[in-house]
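Reading through the structure tokens given below for one structure.
The values are calculated or read from the model by the stated rules, or taken from the named source; none is laboratory data. These figures come from a predicted structure and were not determined experimentally. Cβ atoms come from the backbone with ideal geometry, glycine included; neighbour counts cover every protein chain shown. Heads up: the accessible areas ignore ligands, DNA and RNA and are worked out on the full protein's heavy atoms, side chains in. Shrake-Rupley method; radii C 1.70, N 1.55, O 1.52, S 1.80 Å.
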2 protein chains.
Amino acid sequence: MSYGCERGDNDVVTGRSRRLEYSESTRQALVDSAVELFTKRGYAGTSLDEVAKRARVTKGALYHHFSGKQALFEAAFDAVEAKVMGRLGEIVTAPGDPWETAMAGLRAYIQVCLESSYQRIVIHEAPVVMGWERWREAEEHFSFGVLRAAIELLVDAGEIEVVSVEITTRLLFGALSTAATMIASASDPKKTSADVVASLTRVVHGLRLPQAVRLGAECAAESKSSGRRSRHR
Amino acid sequence: MSYGCERGDNDVVTGRSRRLEYSESTRQALVDSAVELFTKRGYAGTSLDEVAKRARVTKGALYHHFSGKQALFEAAFDAVEAKVMGRLGEIVTAPGDPWETAMAGLRAYIQVCLESSYQRIVIHEAPVVMGWERWREAEEHFSFGVLRAAIELLVDAGEIEVVSVEITTRLLFGALSTAATMIASASDPKKTSADVVASLTRVVHGLRLPQAVRLGAECAAESKSSGRRSRHR
DNA sequence: ACGAGTACGTACCGGCGGTATGTCGTACGG
DNA sequence: CCGTACGACATACCGCCGGTACGTACTCGT
């Protein structure tokens with residue numbers, strides 16, 4: 001990349017030498033390799049030699065860029081989360097009816113959870129490898145933060161009523177995590193996915209305030225978008 | 001078989017020689033040691049030499065009783081689950097109002113989840129160490145099975161309405177698991193615990209049928225048509 | 001009493017995470 | 001233009017740990 005520039009303005013402006021570019025490239029290759037192997041064989045089942053080999057470097061290079069196996073895992077974690085957040089963020093922050101937006105976000109997140117990298121690295125292994133406390137802290141900046149923002153939106157819009165936003169968010173997050181695992185290991189992921197969305201919709205529906213339902217519009221809109229198969233009156 | 005009466009009554013009844021008793025005793029010591037160390041330092045952070053040392057035997061003895069580290073972990077897993085099931089089972093199977101029984105079971109399960117052994121071994125590490133599929137299979141015979149039975153009871157009693165018992169159970173199980181972790185790592189576990197129960201009660205309340213409790217008439221009418229086929233599995 | 005089998009202990013191997021050290025190229029000051 | 005300091009790796013090695021092979025003492029049935 002940018003070979004032709006040959007000491008062009010780009011390098012001068014960014015202050016990045018060719019050396020730094022190479023370095024960043026190998027680092028990225030290591031992270032990519034780590035994501036792939038951690039996803040396929042898990043944290044314990046992946047050796048650092050293997051990760052380095054797949055990135056076409058040696059373990060020495062790996063230890064130059066990362067302080068150890070844990071640090072490499074966290075880099076892989078961040079990479080997966082960053083990729084996911086791009087797609088998810090814009091859906092939730094999109095303008096429009098809060099209820100509709102929330103439901104779209106729910107479906108989008110379940111879709112994200114079907115990705116094997118996200119499932120194994122972020123959901124399953126991360127709490128064990130990084131420790132739950134650190135995992136929770138990291139999640140604040142990623143999916144968990146988005147989820148809470150969505151719920152706060154619903155509460156502020158007077159759509160639903162909860163005892164505590166923090167606790168509700170965490171409970172829902174746990175439910176979504178297991179839902180993701182369930183869907184991924186189901187014989188018919190498509191159908192299971194639809195059933196999960198239906199169940200969750202039913203649950204969240206139970207939290208709706210009477211005055212929000214009485215408006216009627218959202219209810220109809222939600223019915224229409226939630227699925228061609230469930231609700232007819 | 002059934003050798004002479006010259007032994008004590010205990011041996012005759014059980015048919016166990018003193019040698020077998022010793023063997024069983026060391027095996028139990030190994031399991032106890034494993035539960036303790038796996039709880040404190042996790043699966044990866046625990047060495048078999050350490051487990052054996054704490055049980056006052058060597059690694060050879062350990063490998064005589066268990067095929068490897070995984071098998072030892074599963075034995076520890078079973079031990080923790082068995083201990084938990086004793087307390088939990090009788091609460092859920094107790095006669096009385098289904099709703100009250102379910103709520104008592106919910107509180108009891110959260111109490112169980114506060115135990116560090118259950119939390120770390122069963123909830124956090126087991127899915128990673130045993131693999132999710134095997135973990136799920138094992139859980140069928142333990143806490144998950146109890147939880148589903150409780151929900152089926154509520155559904156059959158006409159208390160609540162769900163889209164699918166299986167999915168609802170799994171979602172609730174996931175929510176409870178994260179709730180447990182949240183409570184355990186909270187600065188004020190007592191208060192957090194109470195808030196969690198309140199939030200969950202609120203959620204389950206949203207699933208109640210109109211004849212069980214009256215609130216949100218319009219919403220109830222809409223949701224009635226959504227799940228007239230609640231029992232299928 | 002004596003072979004057989006059980007319940008361990010002992011010694012060792014291979015793999016893997018981590019470290020210490022060497023090497024090569026590039027940026028940089030004089 | 002040249003030495004030099006430093007960054008980006010490679011190589012060699014160590015210690016721990018899971019797993020295996022084998023030895024041994026004790027018991028049990030005949």
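Evaluating kT/(6 pi eta Rh) at 20 °C and 1.002 mPa s, with the Kirkwood radius of segment A:69-226 over Cα pairs in the Stokes-Einstein relation, gives 131 µm² s⁻¹. Calculated accessible area for segment A:36-132 comes out at 45 Å² per residue, all protein chains present (probe 1.4 Å; ligands, DNA, RNA ignored). When the pairs A:40/B:83; B:40/B:69; A:69/B:40; B:40/B:190; A:40/A:69; B:83/B:191 are compared against a 24 Å limit on Cα-Cα distance, A:40/B:83; B:83/B:191 fall above it.
Could you state how much accessible area is buried at the B-A interface, both sides summed, with a 1.4 Å probe, in Å² to the nearest 100? Write out the running numbers ahead of the final one.
Details: alone 13480 and 13260 Å², together 23380 Å².
The contact between A and B buries close to 3400 Å².
Let me know the charge dipole size of segment A:24-161 about its Cα centre in debye, to the nearest 20, where only the beta-carbon of Lys, Arg (+1) and Asp, Glu (-1) is charged. If you can, show how the numbers build up before the last one.
On the way: 15 positive and 21 negative charges, 207 e Å.
Using Cβ point charges on Lys, Arg, Asp and Glu, segment A:24-161 gives about 1000 debye.
Residues of segment A:133-172 whose accessible area (probe 1.4 Å, heavy atoms of protein chains only) drops by at least 50 Å² once all protein chains are present, relative to their chain alone: A:163, A:167, A:171. For residue B:86, the distances from its label point to the matching points in the remaining copies are 5.5 nm, ordered from shortest, with each point set 7 Å beyond Cα toward Cβ.
Accessible-area rank, largest first, for B:173, A:142: A:142, B:173, with all protein chains present and a 1.4 angstrom probe.
First select every other residue whose beta carbon is under 15 angstrom from the beta carbon of residue B:102; then total the charges, Lys and Arg +1, Asp and Glu -1. Here the count lands on -3.
Plainly put, the tip 7 Å out from Cα toward Cβ on residue A:209 is 3.0 nm from that tip on each other copy, the closest given first.
Distances between copies at residue A:21, taken between label points 7 Å from Cα along the C-beta direction, are 7.9 nm in increasing order. In terms of its C-alpha gyration tensor, segment A:10-66 has a prolate overall shape, because the principal axis ratio a/c (a ≥ b ≥ c, square roots of the eigenvalues) is not below 1.5 and a/b outweighs b/c.
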